[in-house]
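Presented below is the structure to which this report refers.
The values are calculated or read from the model by the stated rules, or taken from the named source; none is laboratory data. Because the structure is a prediction, the values reported are computed rather than measured. Here the Cβ positions follow ideal geometry from the backbone for every residue, glycine too, while neighbour counts run over all protein chains shown.
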Amino acid sequence: MTTARNRARRFVPLIAGLGATALLLTACSGDSGGGETTAPTDLTYLSFAENTSIQDTLTSLSTGSCSTENEALPLDITTQPQASYDQQLQLLAGQNALPVLFASGNSPQVAKDLNDGGKLVDVDAALEELDQTDAIIPAARSTIEALYGGDVYVLPTEFNVEGIWYNKQLFAENGIDEPTTWDELTDAAAKLSAAGVTAFSADGQDGWPLTRLVGNYLFRTIGPDALQKVIDGEASLTDPEYVEAAAAVADLGKAGYFGPSVGSIDYMTAVNQFLTGEAGMFYMGSWILANFNDPAQNQIGAENIGFMPFPEVEGGAGSRDQLAANVGVPLALSKASYSDDVSAWLGCFAENFGSTSLGEQGVITGFAVNEPVEDLPPLTQAVQERIDETTQSVLWFEALFNAKAATTSQTNASQLVTGAITPEKFMEMVQADLK
Amino acid sequence: MNRVLGDWRAILVLLGPALLVYTLVMLVPIFWSLGYTVFEGNPITGFEFVGLNNFATLFTDPKIADALVFTLKYAVVLTIAQVGFGYLLALIYVFWLRKASSLIRTLAFFPVVLPTVAVALLFQELFKIAPQNGLVNDLLNLVGIQSVDWFASPDTAFLVLILMDLWRSMGFYAVLLYAGLVDIPDDLFESARLDGASGWRLVRHIVIPLSLPVLLSSIIFSVNGTLKVFDSVLALTNGGPGNTTTPLTLYMYQTSFTYGEYGYGSSIALLLTIICLLVTIFIFRSSRRDLTKG
């Protein structure tokens, strides 16, 4: 016993030493400063593996309009699966090794943290220096400002409006006019359901298409600042008027409008359900136009698809004119590697990205389209017109949440609509993670 | 030999490289992680010293309680199932199939070598309901039972998870326990049979006590493995529906890397380490009784 105790005593200083070293190392790690600027030799670009349109546009620019910039600073693309993207970004940021240009993360909070750490280029100032202040269209600028607390330190490589797409033929067959109020929407869903059609196609596996409905309902009842109030601490998701939104969406599930197995339906299944005429309505962003404009996927015909803004709720403070919008996968620039060559790339990017992306990928971006693009599919053209008409946009349910609350919201959404958890419990769980 | 072992320089040359590698890849990360438990933040936002706050949060976070309950439930159910079925298979190999068991052993062991993600995808296909029914729902429909959305309810999702991990692991425990059973000398069985022991009495008084060391090792392997379950849950249910199938490991991963809370994530890791240690000590202590003495 004494020998064992003596042996143990011998290890105490060693363990204490290792512990203290670990503490010191931990405290010293993760320098949050921006670090020195070092001119890069390549335009390194890191993005989600799942998003190919941005890299295709960049590649096209590197061989076309921006070939001069590309000669000085060749484009070098790397991708990372979206699920582990934030982890990769944390590691690179911790080592002061951020790529020159990169997708700013899964939630706006990641870019906010990076900017607070002094690691991002102030895009607004950089564009002003390049005399490109009009490069970002006003609607995209206001969405960015709403997302990032008034600052512009990301590039809007997409600009999507969101709303409900509907099958015109199914609506006509069932005598349904485009709903403008929530009651009309639920009536339409009831008629479709009675006709044996799934009223709403929805990706319950990922959850966010369901929570988008909760968010929109809140924007229509309380107004465009409904979720800002929650973030500012002026309101809580557990307040009755907030719980009402979750309850309204839960009621859609209770009535069976999402079909019998919404929790098991993934994104592509939901898209297919709508494009094969199995579902009457589909809440989605305008990025879905690529699928709609593809005849191989779209069996109901692009001419058969209509778009309606989220309906108004009687007596609510919001209106149908306020379309939900987002900027897709915003890109950020690392301050540590922002050199003259990068600046030249940014100038060319600002001038040409909008038209190249629209012309070659069919993706509407947040950049001004400087070269007119001919022969756009009618549906894309209609959405483009709708964007031009939009004077005020709203965000989505999780836009201002931290990563924890956003995950809780999305992973519990299918439970909300299947009745596994109550609307009160759902909002309580999300609110608890907002702290 | 004694001269070499008494020479500290020789020891240093022989052990030094391995010790250095072990220290760098095992000890430093462990203590580094331990260091994180008193900090808050991540490499993007920087770190801030918070003392014992992270440990205090462990006691107030309702998700910890949920994850702990799920982890323990999963560990208990799967340990009983995989060691129990593994032992049953081992007994069948030794006493029933005897020398003809090699094909069955290979077949039962086969799922062990398959990658977890591939097995999870296979089970997702088997139990799926949308867009089309999987094989299981088709079979249910065949006998007049409605399709079940297996991954929509916590109970059915747990059941599929247990079935998948049992199928994946029982072959390993069967082979492990088989090795322990074939080690028991034949003459012991013969003398027991001569004394009139057979069936359950033979198993109770001869087989179990003599295979106890390997049985114990299997239980410790199983408990520690199941307490640290991660990949199969991530691939099959991703912790859902909601967070009803989220074990401590997955919650630790989400906390550290998805939510960017390295310090709190490390505290969860420490909690899991302590639980593994306590359970192992408990199993060791409870096994001290000599079963051959009734």
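Things to note:
- Test: residue in the stretch A:372-393 that is crowded, with 24+ Cβ neighbours inside 10 Å and either more than 28 Å from A:Leu227 (Cα to Cα) or in contact with a helix residue (DSSP H, G or I) (Cβ under 6 Å, 6 or more places away or on another chain) (or both): no
- Checking A:Asn298 against (1) in contact with a helix residue (DSSP H, G or I) (Cβ under 6 Å, 6 or more places away or on another chain); (2) assigned to a strand (DSSP E or B); (3) closer than 18 Å to A:Val363 by Cα, the condition it does not meet: (2)
- Of all residues making up the stretch A:94-127, the number that are of a type in the set (Gly, Ala, Ser), farther than 20 Å from A:Trp396 by Cα and facing chain B (nearest Cβ under 10 Å): 2
- Output for the stretch A:387-427, where each listed residue is within 14 Å of chain B (Cβ to nearest Cβ), within 29 Å of A:Thr365 (Cα to Cα) and assigned to a loop (DSSP other than H, G, I, E, B): A:Glu398, A:Phe401, A:Asn402
- A single member of B:Ala152, B:Ala179, B:Ala192 is modelled with pLDDT under 95 and assigned to a loop (DSSP other than H, G, I, E, B), and it is B:Ala152.
- Any hit, the stretch A:251-270, residues being farther than 29 Å from A:Gln415 by Cβ, in a loop (DSSP other than H, G, I, E, B) and away from chain B (no Cβ under 14 Å): no
- Condition met for A:Asp266 (at pLDDT below 95 and among the acidic types (Asp, Glu)): yes
Residue-by-condition table, conditions (1) within 11 Å of chain A (Cβ to nearest Cβ); (2) part of a helix (DSSP H, G or I):
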| position | (1), (2) |
| --- | --- |
| B:Gly239 | yes, no |
| B:Met252 | no, yes |
| B:Phe257 | yes, yes |
| B:Ile274 | no, yes |
| B:Val279 | no, yes |
| B:Phe282 | no, yes |
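- Single unsatisfied condition, A:Tyr45 versus (1) away from chain B (no Cβ under 14 Å); (2) within 20 Å of A:Asn115 (Cβ to Cβ); (3) part of a loop (DSSP other than H, G, I, E, B): (3)
- Looking only at the stretch B:13-53, residues that are of a type in the set (Asp, Glu) and surrounded by 15 or more Cβ atoms within 10 Å (Cβ to Cβ) come to 1 in all.
- Residue-level check: of (1) within 14 Å of chain B (Cβ to nearest Cβ); (2) buried (at least 24 other Cβ atoms within 10 Å of the Cβ); (3) part of a loop (DSSP other than H, G, I, E, B), A:Thr157 misses just (1).
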